[in-house]
Amino acid sequence: SPSGYAVAIGPAQHDAPLRGALAASGTATAELAVDLVPLTVFYRVGLFEWILAHIFVTAPWISIANLVLGRTLLTERVCWRPDAGEDIGADFLAAAGTPEAWTSLRAGLREVRERLETPHVATRAAGWLLAETAAQRKGAVAAPGQAASPAGGPA
């Protein structure tokens, strides 16, 4: 690993915040972006898929963060070569390897978070779930396939 950087694969063995990541999954890239974790995105594919992607994929980006922003924030790499690891690491160090670059990348990730975040969604979901549970206990919810009456009971 480059000097000054610790590399960990799998679950963290400490409570320190994640300083950066290399991610290959669409959902993982969105989660890391919302958590303001600087990252580089890569997708490992076979040579045939790589050729097809270059022929048929017309989207300018593949990561959710870049698609949400409509511009390049995260470095993306679609690679088929088995020795692409050094290139991916270099991409990350170029994007977030200095304090200035890391801070700038996190500022861009804040914009991604603002666009994806729905305020109070957990509170609203919990309220809905509690209301539905209470309605079911009172028998106000019709069985599947039955319409509920305005009074709350089966029609």
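Values in this text are rule-based calculations from the coordinates and carry no lab data. Predicted model, so just to flag it, every value in this text is computed and none were measured. With ideal geometry, Cβ positions are generated from the backbone for all residues, glycine too; neighbour counts draw on all protein chains shown.
Subtracting the Cα-Cα distance of Trp102 and Thr123 from 0.36 nm times their residue separation leaves 4.3 nm of extension gain. With a Förster radius of 41 Å applied to the beta-carbon distance between Val45 and Leu116, the computed FRET efficiency rounds to 0.95. For the peptides 28-37, 49-58, 97-106, residues were scored by their other Cβ atoms within 10 Å and the scores averaged per peptide; the highest-first order is 28-37, 97-106, 49-58.
Taking amide H as placed 1.01 Å from N in the peptide plane, the amide H of Val78 sits under 5 Å from that of Tyr43, each at least 5 places away or on another chain.
Using C-alpha pairs under 8 Å with a sequence gap of at least 6, the mean separation divided by the residue count of the stretch 32-108 gives a relative contact order of 38 percent. Each residue of the stretch 25-35 was assigned a 3J(HN,Hα) from its phi angle through the Karplus curve 6.51 cos²θ - 1.76 cosθ + 1.60 (θ = phi - 60°); the sequence is 10, x, 5, 4, 5, 5, 5, 5, 4, 5, 7 Hz, with glycine and proline shown as x.
Taking other residues whose beta carbon is less than 13 angstrom from the beta carbon of Ala96, and scoring Lys, Arg as +1 and Asp, Glu as -1, yields 0.
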